[in-house]
Structure formats: structure tokens, C-alpha cells
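These notes concern the structure reproduced below.
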Amino acid sequence: MIINTINTYFVIIAYGALVLLSFLLISNPLRVNKKANLWFGLFLFLWSMFWIEEIFILIKSDLLNYNLLTCIRFLRFLTPIFFYFSVVYYTNPDFKFKTSDFKYLIFPLIFLVGLMVQQDAVYGNLIAVSLNVLIIIQAIYFIVASYLKIKRYKVEIELFASNTSEINLNWIEYIIISLFVLSIFIGVYNILFVDADLNLFANIVSFVIIIFVAYNALKQKEIFIIKDNQITADDSDISKRKLISDQDLDALKTKLLQLMESQKPYLDPELNLVKLAQQINIPAHQLSYVINSGFNENFFMFVNRYRVEKVKELLLSEEKNHLSIMGIAFEAGFNSKTSFNTTFKKISSQTPSEFKKRSSTL
């Protein structure tokens, strides 16, 4: 009895939280990542429909007939697809649907046919099990596809951002992992048996995920800010195309190095490819080519090498002894402790603390 009461509260809270969050993302008052948030908001609304049956039962509604239930279950089946396309738009806001994308409707059509013939008394149980298997297969497919999109995006954002901590989409990666584990567990459990305790466990885990989603979704920043400068995340092979002559490349390399030494643009924590391209007065895609081909680095590593060297300089300066290591990191253009420590060690093969300790003993 107590478990059922607690479960009821979680059903109502989870459903209400998802509907509210979906409304906020679809309305998008901050006007960031518009297409991605639209799809993500629709995904959250479809996710809320996993609790709609229990809501109908709680309010003792007579509206929940077989036709409505079939419609609800079909819409729920679309949840992984909407999540996948939200990830697609987060990683590439210029994505446009192609004819080949109709392949993603194959599973939903099979599922819909299965729902429509499930009333067959002879094969009803077999069809029900088959549909649950199909739910698991589709969930795995789109979750893995979404995960691979995020992994590729993490490599691509270093083409145009010098600080990636606020746009690296780690929060979506964590959601993907959580949904994967939850989907497999619930899907397999539903094939084997049904139990009230499982419902409570699933609802509690889902509610924790919802809180995590809400926190990150409502504080997100605009991810792609350089569309008008003719470079997007799909330009990851830009160094393979010869955009300028070798002579011009050498001249721009020299000009870029002089700019970095004299004006120190890397001290700006919001520095990105567009800002630096404007300072050197060339298009963003040409600057990306200069850095990729001329220095054999991406934009992220090129800028952060200067920041790491600045940190080393400040750590050895007696005038900065009153500052903590992170205080110095912020002065050098870093904006995240995790990113700073990871980048410093990657470039210097030692932590900031190790560098300071070894330098002080010399």
C-alpha cells in the first residue's frame, strides 16, 4: 500500500515535470539552439506519455479505450526517434531532411501494424512479446546512433571553440547512457513479468534523470555561433582542401603569430574562430585552414597552447603569488577547472601543481 502511494506521487511528479519542461524548451524563451530544443522538447513530451496510462487510471477516466491506448503506445514508440533528431540538431543545426531519412519510419510502421493486429486471440501474446523486443531494438539503435553523434561532435567543436566546457554536450551523453541502461532494464523486465516494485524503481530513476535534464537543458548556451562565417561542424575535413596558396599560407601564419604575441587574444575566455578571424581580417574558414594545415593543430589546441604558456609564466611570477592556480588559469583565458587541468596536462605532460612544485625547486 505504501509502495503504491509513493509510486503514485512519482507518477504525477514525473509526468508534470516532463510536460512543463517540454513546454519551456519548445517555447524556448532564451532563443538558443532553436531547432534542437524544439525536437528535444517534443521528445520530452513523448517521454511523458509513458506515464499517461497511469494518470488516466488515477483520475478514473473512462476515455482510455483500446483506440486511444493504441495511439498512445505508438506515440511513445517514436520517443527514441525524436531524441535522436534533437541530438542531430544539437550537433548540426543546419541539418536538412533527405529522402533517405524515411528509413527511420520502418520500425514505427512495423510497430503500428503490430498494435493493430494484437487483438488476435491466437497470436496476441506472441505479438506483444515481439513488440517489446522491437521497442528494445529501436531504443538501442537510436541511443547508440545518438552517442556516436555526440562523440563526433566533441572532436568537431575543437575546430572553432577555445573553451568547450559549456558546449560539449556532456549532459546529453550522460542522458544517453542513463536512458540506455533504463530502456534495456525495463524492456527486458516487461518481456519477463510485471511488478509494482519495478514501477516504483523505474519512476524514481526516471525522476532523477528528469531533474538532471531540466538543470542542464535550462542553462544551455548557444552552441553554433559561426554559421554566417561559412564554417560548420561538418567542415572537419577543411585541412584536406587547399583553400589558399602555400605562399599566402606562410604569410598568414606569420601574421597570426604576430597577432597572438602582440594582442594576446587568447586571454579572452570567449575567444572563438570567428572572433580571431575578425582580428586578423580573414574569413573564418580560411583561418581554420591556416591553423589546421599551417600548424597541424585544431583551433582549440592552437589557442590553449598559448594559455598554458601564460599560466606557466604567471605561476613563476612573484607578483601573482597571491593568486591560486585557478585564479591564474582564469587570468590566462581558461573558464573551467576541469578543462584547464585536462588541457594543461595534455600539453605539458604534467599537472599545474606538479609544474609549480618542480619549478619552485629549481
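For the reader, a short list of remarks on this structure follows.
- Top-ranked residue of the stretch 221-251 - restricted to ones that are closer than 17 Å to residue 281 by Cα and in contact with a Leu (Cβ under 8 Å, 6 or more places away or on another chain), ranked as modelled with the highest pLDDT: 244
- Test: residue in the stretch 44-53 that is assigned to a helix (DSSP H, G or I) and farther than 30 Å from residue 150 by Cα: yes
- Residue 107 fulfils the conditions (1) over 25 Å from residue 207 (Cα atoms); (2) surrounded by fewer than 17 Cβ atoms within 10 Å (Cβ to Cβ); (3) touching a Leu at 6+ places or on another chain (Cβ under 7 Å) except for a single criterion, (2).
- Cβ pairs under 6 Å, 6+ apart, first in the stretch 291-312 and over 25 Å from residue 323 (Cβ atoms) and outside the structural domain of residue 327 (by TED's automatic domain parsing), second surrounded by fewer than 23 Cβ atoms within 10 Å (Cβ to Cβ) and among the basic types (Lys, Arg): none
- Lone unmet requirement of (1) part of a loop (DSSP other than H, G, I, E, B); (2) surrounded by 15 or more Cβ atoms within 10 Å (Cβ to Cβ) for residue 97: (2)
- Residues being surrounded by fewer than 17 Cβ atoms within 10 Å (Cβ to Cβ), of a type outside the set (Asp, Glu) and not in a loop (DSSP other than H, G, I, E, B) - total across the stretch 315-329: 3
- When the stretch 269-298 is limited to residues that are closer than 17 Å to residue 158 by Cβ and assigned to a loop (DSSP other than H, G, I, E, B), the one that is modelled with the lowest pLDDT turns out to be 270.
- One residue alone among 344, 340, 334, 302 is part of a loop (DSSP other than H, G, I, E, B) and either over 29 Å from the mean Cα position of the chain (by Cα) or surrounded by 16 or more Cβ atoms within 10 Å (Cβ to Cβ) (or both), and that residue is 334.
The values are calculated or read from the model by the stated rules, or taken from the named source; none is laboratory data. Worth saying up front: this structure is predicted, and the values here are computed from it rather than measured. Cβ sites come from the backbone with ideal geometry, for glycine too, and all protein chains shown count toward neighbours.
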